[in-house]
Amino acid sequence: MAETKKKALFICLGNICRSPIAEGVFQKTVNERNLGDQWEIDSAAIGGWHVGNPPDWRALDTMKNHNVPYNNTARQLVSQDFNHYDYIFGMDEANMRDLNKKAPKGSKAKLLLFGDFDPQGDRIIRDPYYDSDAKGFEKCYQQSVRCSQGFLDEVEKGNV
Ligand code: 4NP
């Protein structure tokens, strides 16, 4: 059978806080739905500051606390991503502006705000990098759980 994997890429500014959590949670959710072989999943940064680094320790702690496996490192978004992936998710409005600016004309990926799939309507996944504690990371985790379920439900219904 021809390869028909759906492809999803999670984007944030640095790829060390929010998008790794979103990627890990989405992968876990897909696995729990027995759809692991149907999805290709990755994350990337708008900026290049942390390329090659693992996530912020608070993101890793948060994922560990919730049994979300993660061993990816940061990379920067490249223009080919816009034609490789079916869905590219931003975490906030600034991500969406950057994605829309960087997208080559006519490229295939749908550029989506991850929070638009939150059934509770909490649309923005706020940048917790400069926080003095890990609460924003836990909130990002909770939002990612709801958005992963919400998005996969919409895919299942053929709405996206
Ligand atoms: P993220 O958080 O976009 O959720 O990974 C940030 C990480 C690093 C920086 C900004 C945001 N930074 O400016 O280095």
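The values are calculated or read from the model by the stated rules, or taken from the named source; none is laboratory data. Quick caveat: nothing in here was measured; it's all calculated off a predicted structure. All Cβ positions, glycine included, derive from the backbone under ideal geometry; neighbour counts span all protein chains shown. The accessibility values were calculated without ligands, DNA or RNA, using every heavy atom of the protein model including side chains. Shrake-Rupley method; radii C 1.70, N 1.55, O 1.52, S 1.80 Å.
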Restricting to the range 30-53, name every residue that is β-branched (Val, Ile, Thr) and farther than 21 Å from residue 74 by Cα.
30
Just for the range 74-123: of the residues that are hydroxyl-bearing (Ser, Thr, Tyr) and crowded, with 16+ Cβ neighbours inside 10 Å, which one is farthest from residue 152 (Cα to Cα)?
107
Residue check: is residue 62 of a type in the set (Val, Ile, Thr), within 16 Å of the ligand (Cβ to nearest atom), open to solvent by 40 Å² or more (accessible area, probe 1.4 Å) and at pLDDT 95 or above?
no
Quick one: how many residues across the range 124-160 are open to solvent by 30 Å² or more (accessible area, probe 1.4 Å), more than 28 Å from residue 38 (Cα to Cα) and assigned to a loop (DSSP other than H, G, I, E, B)?
8
Quick check: is even one residue across the range 103-110 assigned to a helix (DSSP H, G or I) and without any contact (Cβ under 8 Å) to a residue 60 or more places away in the chain?
no
Tally, over the range 82-102, of residues that are more than 16 Å from the ligand (Cβ to nearest atom) and part of a helix (DSSP H, G or I):
5
Please enumerate the residues belonging to the range 43-60 that are outside any loop (DSSP other than H, G, I, E, B) and farther than 15 Å from residue 144 by Cβ.
44, 45, 57
Based on what the data block shows, is residue 43 at negative phi and in contact with a Cys (Cβ under 6 Å, 6 or more places away or on another chain)?
no
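Among the residues in the range 4-11, are any at pLDDT below 95 and either under 17 Å from residue 144 (Cβ atoms) or more than 16 Å from the ligand (Cβ to nearest atom) (or both)? Talk me through it step by step, then tell me what you get.
Filtering the range 4-11 down to residues at pLDDT below 95 leaves 4.
Pick out the ones that are also either under 17 Å from residue 144 (Cβ atoms) or more than 16 Å from the ligand (Cβ to nearest atom) (or both) and you get 4.
Yes, the range 4-11 has at least one match.
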